[in-house]
1. Among the residues of the range B:28-45, is there at least one that is within 11 Å of another protein chain (Cβ to nearest Cβ), surrounded by fewer than 17 Cβ atoms within 10 Å (Cβ to Cβ) and farther than 21 Å from residue A:88 by Cα?
2. Quick check on my filter: what residues within the range A:36-82 are among the small types (Gly, Ala, Ser) and in a helix (DSSP H, G or I)?
3. Quick check on my filter: what residues within the range A:33-70 are open to solvent by 70 Å² or more (accessible area, probe 1.4 Å), at the interface with chain B (Cβ under 8 Å from one of its Cβ atoms) and under 20 Å from the mean Cα position of the chain (by Cα)?
4. Given B:125, B:53, which one is open to solvent by 40 Å² or more (accessible area, probe 1.4 Å), in contact (Cβ under 8 Å) with a residue 40 or more places away in the chain and more than 22 Å from residue A:33 (Cα to Cα)?
5. Within the range A:74-90, take every residue that is more than 9 Å from chain B (Cβ to nearest Cβ) and surrounded by 15 or more Cβ atoms within 10 Å (Cβ to Cβ) and give me the one that is farthest from the chain's Cα centre (by Cα).
6. Would the range A:100-119 turn up any residue that is surrounded by 13 or more Cβ atoms within 10 Å (Cβ to Cβ) and within 11 Å of chain B (Cβ to nearest Cβ)?
7. State whether the residues of the range B:87-106 include one that is crowded, with 19+ Cβ neighbours inside 10 Å, closer than 17 Å to residue A:33 by Cα and touching a Ser or Thr at 6+ places or on another chain (Cβ under 6 Å).
Amino acid sequence: MADTRRPLSPHLSVYKWQVQMVTSILHRATGIALSVGLLLVAWALIALAGGEERFKHFTAFVGSPVGIILLIGWSWSLFYHLCNGIRHLVQDGGYGYEIVQFVRSSWASIIVSLLLTAAVWAYVLTLGAAA
Amino acid sequence: MSAYPKEYRNPLKKARGLGSAQHGVSHWWVQRVTAIALVGLGIWLVTLVLRMLHADYATARALVARPWNAVLLIAFVVTAFWHAVLGLQVVIEDYVHTRWKEATLLMAIKFIAVLATLAGVLAVLRIALGA
């Protein structure tokens, strides 16, 4: 039996928060969120194939306040996972491991994903106002 | 160890490159291949969804029924669920330490993903083929 009084790795409580930790955790969290979001995509397609009545149920859900909040969350998750995923692919190629680059690319993933989310929703809302 | 080994080939020959799980780098590699595919398919899906904003039922259906849209949608659904299963598998393996719960969850995500993929693909085919 392990002696739980001694500090156990990975000593999370003694780490100072760094942006690289945030991007790593967010990549997993958004990945899980997007997996659930995929079921929504499947639902949309099944509803669209199932007839106008079924599709109305779907659009009523995504157009409801809860649906809009979920869609905003999913759209940011998608853009974040996309940006940070590209960052990981670059790192898999062996690039960007200098600490300065690592921190900078972490911030880039966060900021670019927020900008893309804002751009898409600005487009959606202005089009919604025009329609 | 018998004095007369039946096999002259060094066992290391069979193990090399396969790792403890005997699957080698296939999980890692397929996750990257699907990730690269999803960079393109994900951005394309966002543009498709934006084009479907405020579209009525018939317009939305006609858009999905276009051959290239149908093909890319099927590619997206299959690739995204595949990528999601690989990602969720790692999360479950990392955080679920009770063996039966881990095995149950690993199977559950695969069953759900396969069913949702098949249902999504069938839906696109029904729309594209005008059923």
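The values are calculated or read from the model by the stated rules, or taken from the named source; none is laboratory data. Small disclaimer: the values here were computed from a predicted structure and weren't measured. Virtual Cβ from ideal backbone geometry, glycine too; neighbours counted across all protein chains shown. Areas reflect the complete protein model, heavy atoms only, side chains present, ligands, DNA and RNA absent. Shrake-Rupley method; radii C 1.70, N 1.55, O 1.52, S 1.80 Å.
1. For the range B:28-45, residues within 11 Å of another protein chain (Cβ to nearest Cβ), surrounded by fewer than 17 Cβ atoms within 10 Å (Cβ to Cβ) and farther than 21 Å from residue A:88 by Cα: absent.
2. The first filter runs over the range A:36-82 and keeps only residues among the small types (Gly, Ala, Ser), leaving A:37, A:42, A:44, A:47, A:49-51, A:60, A:63-64, A:67, A:73, A:75, A:77.
Across the range A:36-82, the qualifying residues are A:37, A:42, A:44, A:47, A:49, A:50, A:60, A:63, A:67, A:73, A:75, A:77.
3. Residue satisfying the conditions is A:39 alone.
4. On the way: B:53 fails: in contact (Cβ under 8 Å) with a residue 40 or more places away in the chain.
Residue meeting the stated conditions: B:125.
5. Going residue by residue through the range A:74-90, those that are more than 9 Å from chain B (Cβ to nearest Cβ) are A:74, A:76-77, A:80, A:83-84, A:87, A:90.
Now restrict to residues that are surrounded by 15 or more Cβ atoms within 10 Å (Cβ to Cβ): A:74, A:76-77, A:80, A:83-84, A:87.
On the way: A:74: 6, A:76: 5, A:77: 2, A:80: 5, A:83: 9, A:84: 9, A:87: 14 Å.
Among those residues, the one meeting the criterion is A:87.
6. yes
7. So the first thing to find is which residues in the range B:87-106 are crowded, with 19+ Cβ neighbours inside 10 Å, and the list is B:87-88.
This time we only want the ones that are closer than 17 Å to residue A:33 by Cα, so: B:87-88.
Those left that are additionally touching a Ser or Thr at 6+ places or on another chain (Cβ under 6 Å): B:88.
Yes: one or more hits.
Quick grid of which residues meet (1) more than 9 Å from every other protein chain (Cβ to nearest Cβ); (2) more than 25 Å from residue A:43 (Cα to Cα); (3) in a helix (DSSP H, G or I); (4) not aromatic (Phe, Trp, Tyr):
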position	(1), (2), (3), (4)
B:90	no, yes, yes, yes
B:103	yes, yes, yes, yes
B:110	yes, no, yes, yes
B:113	no, no, yes, yes
B:123	no, no, yes, yes
